[in-house]
Amino acid sequence: MAGAWLLLWGALALGSRAETAFLRRGDDSTGRCTYSFTVASPVEAGCPDGGGVPELRAELAALAARLSRLESRERGAGGSGPRGAEAGGVRDPQHPAPAARLEAAYGPHQRVADVPCCSGMGHRAPDRGVGILGGNGPAWSPPGWRGQAGAAVREAGSAPAHAAPGPTAAPRWDPQPLAYQELQSERTEVPASRLLEETALGRSGSEDSAGCGELVWVGEPVVFGRADSIAGKYGVWMKDPEPVPPFTRETTWRVDTVGTEVRQLFQYEAPEQLARGYPAKVHILPRPLESTGAVIYRGGLFFQPRRSRAVARYDLRGETVTAEREIPGAGFHGQYPYSWGGYTDIDLAVDETGLWVIYSTEKARGAIVLSKLDPETLEIQRTWETNIRKRGVANSFVICGTLYTVSSYSAPNATVNFAYDTATSTSRALSIPFENRFRYLSMVDYNPAERQLFAWDSFNMVTYPVRLSRA
């Protein structure tokens, strides 16, 4: 498309007699958006000389003189041109000399110079010629003249700029003015997903940057920190989207989950402190937690105690467990994990609407079950049974009441492959690109305050920006 525009403006600048081009936009027969331009053509009563196009003949004469000067100069330069090659100069066949490019580009015009004017068109040219971007080009043009060849000639015409300066240097060659020439064009089709992504990225503070909607794009991961021991190969890190004093949205939390007695919860005042690896405080949990399903919400750590189907709330200010409740029928300790394993049977999540638990049961036969929890009492408020097999996905998260799953924990180019909408109790397939940069995704959660995904990818703590469409 860019090439077509450059050629269009180049054509309009060729001669003083060329008139303004007119641009139109419309749909073609297949419903695709196309642009068309119209350029005025010369109006001739006939071809009195009967021997060709006078303007083209004058142009060819100027070109012949220019070629002679180029050959003379290149012979004197020691073999950079066609003649110089014969004298011993080395020339790459893939990169012909400027003069050779001129001859190749303009050869067809020399051959058609003797074709009678308007051959096959009667003795009068049409009043207007039309070219459609992505279509078949203009309806008419003078014989032998193609915009593509003209572009090649103009490109080759810049070759003398490399010649040694001096009073004998030949000036740049300018083509004779032409009132009309055919314009070449091409159409580039852009996937709708790319348009959505680029449009969203270019609209800071627009309607898709606040409020709820459907996930349409996940960006590239940004690394915030890296675990420095084998205990951090798998883990979970998080921020509280609704913190309580003395904690803030900048307070960051981390748990390294490799081991049988995982009790340490690291507290950092800011992500920068996390990157340096020096916690402000280390909480020792009264009960060990299992796997990477924990979340921080409203001043509490919600986690699955080891070897149980329960969910517990650890108060971060009082440093004590304030609530605990079993999830009826939930599998645990390796019964219904995600595809990567890690005892990920019970996974907690937070979104704009509150606290969720993701699990499976024998009754659901391994399909994902999603329940909404009261964050104070952990009472189940409502439950949805999906048709998404839990072992068939790498991980999941919740945004605006919709469950999303990730296809693979190790494939570098994975996707967000399914969505289950609790508002309609329906699921649908997706194909939103998701990058596993370090090839082992063991945790992914959504933070509604920052509108980012937090993830743990083989020792690395990363975030993913996301974009949502208007609901």
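Rolling a 1.4 angstrom probe over the protein heavy atoms with all chains in place gives the stretch 210-468 an accessible area of 39 Å² per residue.
Each Cα pair under 8 Å and six or more residues apart adds its sequence gap; the mean of these over the residue count of the stretch 210-468 is a relative contact order of 19 percent. Scanning residues 5 or more positions from Val244 or on other chains, those with amide H under 5 Å from its amide H are Gly299, with H placed 1.01 Å from N in the peptide plane.
Find out how many positive minus negative residues lie around Val295, taking Lys and Arg as positive, Asp and Glu as negative, among other residues whose Cβ is under 12 Å from that of Val295. Once positives and negatives cancel, what remains is -2. Can you work out the FRET efficiency for the pair Ala61 and Arg437, with r the C-beta to C-beta distance and R0 = 56 Å, to the nearest 0.05? Efficiency for this residue pair is about 0.35. Whole-Hz Karplus values for the stretch 271-285 come out as x, 5, 5, 4, 4, 7, x, 10, x, 6, 7, 10, 8, 9, 5 Hz, taken residue by residue from phi with 6.51 cos²θ - 1.76 cosθ + 1.60 and θ = phi - 60°; glycine and proline positions read x.
The label-point distance for Ala449 and Thr383, in a model that sets each label 7 Å from Cα toward Cβ, rounds to 3.2 nm. Which FRET efficiency, nearest 0.05, do Arg263 and Cys33 yield, Cβ-Cβ r, R0 41 Å? Efficiency at R0 = 41 Å is approximately 0.10.
The values are calculated or read from the model by the stated rules, or taken from the named source; none is laboratory data. Note that this is a predicted model, so its numbers are computed, not measured. Positions of Cβ are backbone-derived with ideal geometry, glycine not excepted, and every protein chain shown enters the neighbour counts. To get the accessible areas, we keep the full protein, side chains included, count just its heavy atoms, and leave off ligands, DNA and RNA. Shrake-Rupley method; radii C 1.70, N 1.55, O 1.52, S 1.80 Å.
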